[in-house]
Amino acid sequence: MKKIFYAAAIALLFVGCSLEETPKSKFDESEAYKSSTLVYVNTVASLYTKMYNRFHGADDNYNYMSEFTSDVLFLPGRQGDWVDGGKHQNAFMHRWDPSTDYLRSIWNNSYSDIALCNASLEKLEEIRALKSLDDATINGYVAEVRGIRAFYYMWLVDFFGRIPVVTSSQAGISDVQQLSRSAAYDFVKKEITEIIPDLASDKSQKLSSEYYARFTKAAGYAMLARLAINGAVFSQDSWTGGKFTGGIDKVEANVTNWGKADKFSVDGKTMNAWETVVYCQEQIAKEGYKLEANFAANFTNAGNENSNENILCCPMDDTVYRRSDTQVTRSLHYNHASTIGFSSWNGTAATVHALNVFDYKEDYNKDGDLADGTYECDDPRFALSFFYGSCSVNGVKVGSGVSADKWPEGYYLGYEARNDFSVEDYSDPWGLYVVKWAGVRIKKYEYDPTTNGQNYFNSDRVIFRYADMLLLAAEAQYRLGKTAEALALLNQVRDRVGVAPMTEINLQVILDEKLREEIWETMGRRGDLVRCGLYTEQNEDKFVGMKHAIVCADYIYDKDGYTNVFPIPVEVINQNPNLTQNAGY
């Protein structure tokens, strides 16, 4: 648990004023911007609070639409639980539309927070003109605010493609014009590359630093690497006609060539997208980031706020900064969580596809004792990332709570996981047991039963991590034809956890390694799949003809690829005649 919190200015970040309040509501205007601390509090601090709440708080719709629409986890419709009109199951099946509430929330929250960023940037320029602070200090604050704003725009370009770019707090609806995807992407690219020189060379994930939980130079490079790896997608103004569908073999050559044609100007160097990813990884290493010797150290309650691997995290602290994380809470079976000392909701589970990538082995006889079964995986990251098999807690066996006369104990049955369970096939005693216990559950972030209420945790949530940068660079080197360099980068990640090195490499090898290393954390899986032509494709968990309950729609294969981009919310289209809907919706 965090015992200290580095500086008064950052403490104010978590309990201080909001930008929705005018500075005068907290300070006299003449006093509010006299010191660098007050300027930070009144123009930057609450923007971080907003951003972290969007990505790892109560408003985690970015995380939801990135990860729950991909191939690694889902929220199964467990008949009486997690049905909610089928919205979770339909998200996994790509059956959203312009009225989907998650998309409306992402759009509205993003532009609301972007407006606050714009207001802060304007205020910072007013302060600059007063010459009460030196230009270097102002430039640093401006860079942070532009970084936060670019973070939102990067996700908007990813999710919606054709978006308005608004840089004034005074812009009205009639002033908002929809840009092509490539133009919006170029704006984000320019923003990130321009701010990096003004960001501090300090550790964001270092509790004693005044830059704890703030954008630093390494975080800027990490955001640029994440943008550049998807540049081949974002630079294209159309995504239908099968452009990003059909799998890796179909799209690899085009995506690689588009990335080579996509130019970046970074630190005075001109590079293509793939070279930029490699350059960013190398610069982050020069900033002092490296793999932690212990994989789990990046996710623990005590210590991950000083990780040498975590580049930018959402701060979580039960006593100093309380932020809820429902993704973890909604995973464990109720009986398992209560035995640990938590309350949970028996929801999120890993997909069968994820288990296959890990080569997880599970074998049991449902007519016998489940304890006699096999539940094992050779990759140590599996046991560190999942609760699986028996749910015993310190020798205490967890009761199943269903069909207890036949199967009294709770066992997470990974390969029984389904996105949705039909009543017809799962109404017998075994079927009812499976509905409640199917799927391995989230373990990656350490639980702490001492927290004051459910959903609250003490381990910071990863946004950018050096292992991810190594794997992004491995893909970039592979696309540049440098397979030996790519293999060496990937094997750094494997060596750290003691698994055998790979001897051959391709995009599927890299994609699978990213799943094993990063599951539950980086919100990047959707982009990985789009880039590799796999986001729309069928797999073990969603396919034409799969059975499901009535609340969930049928899976329909999108060969055209229009679902690689989400629809613009209908309310937004209705309010602004300057905007048009994305193709296919």
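The values are calculated or read from the model by the stated rules, or taken from the named source; none is laboratory data. Just so you know, these numbers come straight off a predicted model, no measurement behind them. Neighbour counts are summed over all protein chains in view; Cβ atoms, including those assigned to glycine, are modelled from backbone coordinates with ideal geometry.
Remarks
- Odd one out for Gln236 among (1) touching a helix residue (DSSP H, G or I) at 6+ places or on another chain (Cβ under 6 Å); (2) under 29 Å from Leu534 (Cα atoms); (3) part of a loop (DSSP other than H, G, I, E, B): (1)
- Residue within region 462-477 that is without any contact (Cβ under 8 Å) to a residue 40 or more places away in the chain, within 30 Å of Val544 (Cβ to Cβ) and among the small types (Gly, Ala, Ser) present: no
- Some residue of region 55-71 being assigned to a strand (DSSP E or B), more than 12 Å from the chain's Cα centre (by Cα), in contact (Cβ under 8 Å) with a residue 12 or more places away in the chain and under 28 Å from Asp359 (Cβ atoms): no
- The listed residue being under 27 Å from Tyr152 (Cβ atoms) and assigned to a helix (DSSP H, G or I), out of Ala473, Ala486, Ala583: Ala473
- Single residue of region 238-266 satisfying the filter (among the charged types (D, E, K, R) and surrounded by 13 or more Cβ atoms within 10 Å (Cβ to Cβ)) that is farthest from Tyr562 (Cα to Cα): Lys263
- Members of region 312-354 that are buried (at least 23 other Cβ atoms within 10 Å of the Cβ), among the hydrophobic types (A, V, I, L, M, F, W, C), outside any strand (DSSP E or B) and modelled with pLDDT of 95 or more: Ala354
- Matching residues, region 243-287, being in contact (Cβ under 8 Å) with a residue 60 or more places away in the chain, assigned to a loop (DSSP other than H, G, I, E, B) and in contact with a helix residue (DSSP H, G or I) (Cβ under 8 Å, 6 or more places away or on another chain): Lys243, Phe244, Thr245, Asp267, Glu287
- Among the residues of this structure, Thr522 counts as one that is part of a loop (DSSP other than H, G, I, E, B), hydroxyl-bearing (Ser, Thr, Tyr) and either over 25 Å from Asn230 (Cα atoms) or in contact with a helix residue (DSSP H, G or I) (Cβ under 6 Å, 6 or more places away or on another chain) (or both).
- Among the residues listed as Gly147, Gly86, the single one being buried (at least 20 other Cβ atoms within 10 Å of the Cβ), assigned to a helix (DSSP H, G or I) and in contact with a Gly (Cβ under 9 Å, 6 or more places away or on another chain): Gly147
- Candidates are the residues of region 411-431 that are part of a helix (DSSP H, G or I) and in contact (Cβ under 8 Å) with a residue 60 or more places away in the chain; the one that is nearest to Val393 (Cα to Cα) is Gly414.
- Taken over region 355-366, residues that are crowded, with 21+ Cβ neighbours inside 10 Å and assigned to a loop (DSSP other than H, G, I, E, B) amount to 1.
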